[in-house]
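Peer 1: I have a structure I would like to understand better, so I am pasting it below and will then ask my questions one at a time.
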Amino acid sequence: MEQFPYPSTSQTNFEERVVEQIASARNSIHRQLAKVIVGQQDVIEQILIAIMGGGHCLITGAPGLAKTLLVKSISQIFHLKFQRVQFTPDLMPADITGTEILSETEAGRKMTFIPGPIFANMVLADEINRTPPKTQAALLEAMQEHQVTAAGVRHSLPDPFFVLATQNPVEMEGTYPLPEAQLDRFMFNVIIDYLPEDDEMKVVKNTTSNASETIEAIFTGQDVLNFQKVVRTVPVSDEILRRTVRLVAASRPGRPQSAPFAADWLNWGAGTRAAQNMILGAKVRALLHDRTHVLWDDVVALAKPVLRHRLLVNYRAEAEGITVEAIIDRLLAEPSAGTPAK
């Protein structure tokens, strides 16, 4: 019988330290963000889960809701190199990835690659749906392979690497909706909504006075890589895995496992990557809530940010006023996605 080595004591101690660090990270990060961000606790947690899980985020919200400030503040907490790219209709792929220029060297003239703004740890793609598909596609290789190719030469991106893209849902005229293949690359679609009245009053008060506080860096890029490594060691029961797979499969119209209403309201359901992201995110959420095992509640909490950009509603659903959120609620209520033993 093949013998598997036990983990070394040093490796076990390393994982225990990282788990403790992640458990304490939630409160530390919220304390730092509270200096400049009011409310939006669920949004903050979802972005943190994506970062610690090594995924990308699509952030949807109206203008003026501090999307850029939130992303920049998180990059400061993790001491990551931050770049913001404003996507416009005239933006070219080379404006993002970089370009080659002819330069003078001691050996004569030669082509030199000048890295674009995507060569950062955290890239904010602001209003990504404002730029044509050709430029949107320039992000695909970077998001999936963590590299860009220029003149046939591959250039690796720094680790860790995240793309956080924003969309403005208010004004859709002149926009280019992201193709399904690119939407699927985003781990979450995070919705930022308007603040309650008391929180909005606090924002207005803080931003119209001289009071200002500085965000402190409490982690490093290496800490993020350690988080990502340890997250994958969190155990998940086969029962939760199976129910997660069934939940995703229930969204696919015309399939044996689909929910009865899927064909009525959906043109297309979620793929396997949705289940992968749901489980990976649930592992991070468990650690953030000071647990070393995944509960079904972790999966349920992340179902909407994982699925809302992967389900394509049809005209019938739109005519009946059925939203993606309502469909996800119905999927969670299906017997196949019922609450298992914890």
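The values are calculated or read from the model by the stated rules, or taken from the named source; none is laboratory data. What you are looking at is a predicted structure, and each value in this text was computed from that prediction instead of being measured. Ideal geometry is used to build each Cβ from the backbone, glycine not excepted, and the neighbour counts take in all protein chains shown.
Peer 1: Among the strands (runs of 3 or more DSSP E) lying completely within region 69-118, list those that include at least 2 residues that are touching an Asp or Glu at 6+ places or on another chain (Cβ under 9 Å).
Peer 2: On the way: elements: 82-86, 98-105, 108-115.
In region 69-118, the matching strands (runs of 3 or more DSSP E) lie at 82-86, 108-115.
Peer 1: So residue 53 fits all but one of (1) within 16 Å of residue 190 (Cβ to Cβ); (2) among the small types (Gly, Ala, Ser); (3) surrounded by fewer than 21 Cβ atoms within 10 Å (Cβ to Cβ); what number is the exception?
Peer 2: Here residue 53 clears every test but (3).
Peer 1: Quickly run through region 301-329 and pick out the residues that are surrounded by fewer than 18 Cβ atoms within 10 Å (Cβ to Cβ) and assigned to a helix (DSSP H, G or I). Break it down stepwise before answering.
Peer 2: So in region 301-329, the residues surrounded by fewer than 18 Cβ atoms within 10 Å (Cβ to Cβ) come out as 312-316, 318-321, 323, 325-326, 329.
315, 316, 318, 319, 325, 326, 329 - these are the residues of region 301-329 that are surrounded by fewer than 18 Cβ atoms within 10 Å (Cβ to Cβ) and assigned to a helix (DSSP H, G or I).
Peer 1: Let me ask something else about it. Which one is nearest to residue 120 (Cα to Cα), of the residues in region 64-100 that are in contact (Cβ under 8 Å) with a residue 60 or more places away in the chain and of a type in the set (Lys, Arg)?
Peer 2: Here the answer is 81.
Peer 1: Here's a follow-up. What pairs come out if I take residues in region 255-276 that are under 24 Å from residue 319 (Cβ atoms) and pair them with residues that are in a loop (DSSP other than H, G, I, E, B) and among the charged types (D, E, K, R) whose C-beta lies under 7 Å away, six or more apart or interchain?
Peer 2: 258/252; 259/334; 262/252; 269/252; 270/310
Peer 1: In region 144-177, which residue that is small (Gly, Ala, Ser) and at pLDDT 80 or above is surrounded by the most Cβ atoms within 10 Å (Cβ to Cβ)?
Peer 2: Initially, region 144-177 is screened for residues small (Gly, Ala, Ser), giving 150-152, 156, 165, 174.
Filter again for at pLDDT 80 or above, leaving 156, 165.
Numbers: 156: 11, 165: 27.
By that ranking, first place goes to 165.
Peer 1: May I pose another question? Return the residues of region 45-77 that are of a type outside the set (Gly, Ala, Ser) and in contact with a helix residue (DSSP H, G or I) (Cβ under 6 Å, 6 or more places away or on another chain); say none if nothing qualifies. Talk me through it step by step, then tell me what you get.
Peer 2: Initially, region 45-77 is screened for residues of a type outside the set (Gly, Ala, Ser), giving 45-49, 51-52, 56-60, 63, 65, 67-72, 74, 76-77.
Matches in region 45-77: 46, 49, 52, 56, 57, 59, 77.
Listed here are the residues, each with its yes/no results for (1) over 18 Å from residue 68 (Cα atoms); (2) of a type outside the set (Ser, Thr, Tyr).
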position: 149; (1), (2): yes, no
position: 166; (1), (2): no, no
position: 179; (1), (2): yes, yes
position: 194; (1), (2): no, no
position: 213; (1), (2): no, yes
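Peer 1: Which residues, taken from region 277-296, are within 15 Å of residue 16 (Cα to Cα), among the hydrophobic types (A, V, I, L, M, F, W, C) and more than 13 Å from the chain's Cα centre (by Cα)?
Peer 2: Within region 277-296, 286, 287, 288 meet the criteria.
Peer 1: Something else now. Looking at region 16-28, is at least one residue within 18 Å of residue 166 (Cβ to Cβ) and assigned to a helix (DSSP H, G or I)? Step through it out loud before you land on a result.
Peer 2: Start the filter on region 16-28 by keeping residues that are within 18 Å of residue 166 (Cβ to Cβ), which leaves none.
Checked against the condition, which is being within 18 Å of residue 166 (Cβ to Cβ) and assigned to a helix (DSSP H, G or I), region 16-28 yields no hits at all.
Peer 1: Another one. Take region 219-248 and flag every residue that is under 16 Å from residue 298 (Cβ atoms), among the basic types (Lys, Arg) and in contact (Cβ under 8 Å) with a residue 12 or more places away in the chain.
Peer 2: 232, 243
Peer 1: What tally of residues in region 259-289 results from selecting those that are assigned to a loop (DSSP other than H, G, I, E, B) and either under 22 Å from residue 188 (Cα atoms) or at pLDDT 90 or above (or both)? Break it down stepwise before answering.
Peer 2: Pass one, region 259-289, residues assigned to a loop (DSSP other than H, G, I, E, B): 259-261, 269-271, 289.
Now restrict to residues that are either under 22 Å from residue 188 (Cα atoms) or at pLDDT 90 or above (or both): 269-271, 289.
Residues in region 259-289 being assigned to a loop (DSSP other than H, G, I, E, B) and either under 22 Å from residue 188 (Cα atoms) or at pLDDT 90 or above (or both): 4 in total.
Peer 1: Within the group 175, 166, which residue is in contact (Cβ under 8 Å) with a residue 40 or more places away in the chain, within 17 Å of residue 310 (Cα to Cα), in contact with a Lys or Arg (Cβ under 8 Å, 6 or more places away or on another chain) and not acidic (Asp, Glu)? Can you show your working first?
Peer 2: Numbers: 175 fails: within 17 Å of residue 310 (Cα to Cα).
So the residue among 175, 166 that is in contact (Cβ under 8 Å) with a residue 40 or more places away in the chain, within 17 Å of residue 310 (Cα to Cα), in contact with a Lys or Arg (Cβ under 8 Å, 6 or more places away or on another chain) and not acidic (Asp, Glu) is 166.
Peer 1: In region 231-258, what residues are closer than 19 Å to residue 285 by Cα, over 23 Å from the mean Cα position of the chain (by Cα) and not in a helix (DSSP H, G or I)?
Peer 2: Matches in region 231-258: 237 only.
Peer 1: With 127, 100, 104, 141 as the choices, which residue is among the acidic types (Asp, Glu), in the same structural domain as residue 57 (by TED's automatic domain parsing) and either over 20 Å from residue 182 (Cα atoms) or modelled with pLDDT under 80 (or both)? Outline the logic, then answer.
Peer 2: Working: 127 fails: either over 20 Å from residue 182 (Cα atoms) or modelled with pLDDT under 80 (or both); 100 fails: in the same structural domain as residue 57 (by TED's automatic domain parsing); 104 fails: in the same structural domain as residue 57 (by TED's automatic domain parsing).
Just one listed residue meets the conditions, 141.
Peer 1: Okay, next question. Of the residues that make up region 259-276, is at least one under 26 Å from the mean Cα position of the chain (by Cα) and on the phi > 0 side of the Ramachandran plot?
Peer 2: no
Peer 1: Let me ask another. Scanning for something at pLDDT below 85, among the β-branched types (Val, Ile, Thr) and surrounded by 14 or more Cβ atoms within 10 Å (Cβ to Cβ), does region 242-256 turn up at least one residue?
Peer 2: No, region 242-256 contains no residue that is at pLDDT below 85, among the β-branched types (Val, Ile, Thr) and surrounded by 14 or more Cβ atoms within 10 Å (Cβ to Cβ).
Peer 1: Can you find a residue that is within 30 Å of residue 213 (Cα to Cα) and either of a type in the set (A, V, I, L, M) or modelled with pLDDT under 85 (or both) anywhere in region 80-95?
Peer 2: yes
Peer 1: Follow-up. Restricting to region 297-323, and then to whatever is among the hydrophobic types (A, V, I, L, M, F, W, C) and at pLDDT 90 or above, can you tell me which residue is nearest to the chain's Cα centre (by Cα)? Give the derivation first.
Peer 2: Taking region 297-323 as the starting set, the residues that turn out to be among the hydrophobic types (A, V, I, L, M, F, W, C) are 299-303, 306-307, 311-313, 317, 319, 322.
Those left that are additionally at pLDDT 90 or above: 299-303, 306-307, 311.
Numbers: 299: 15, 300: 17, 301: 15, 302: 11, 303: 13, 306: 9, 307: 12, 311: 17 Å.
Residue satisfying both the conditions and the ranking: 306.
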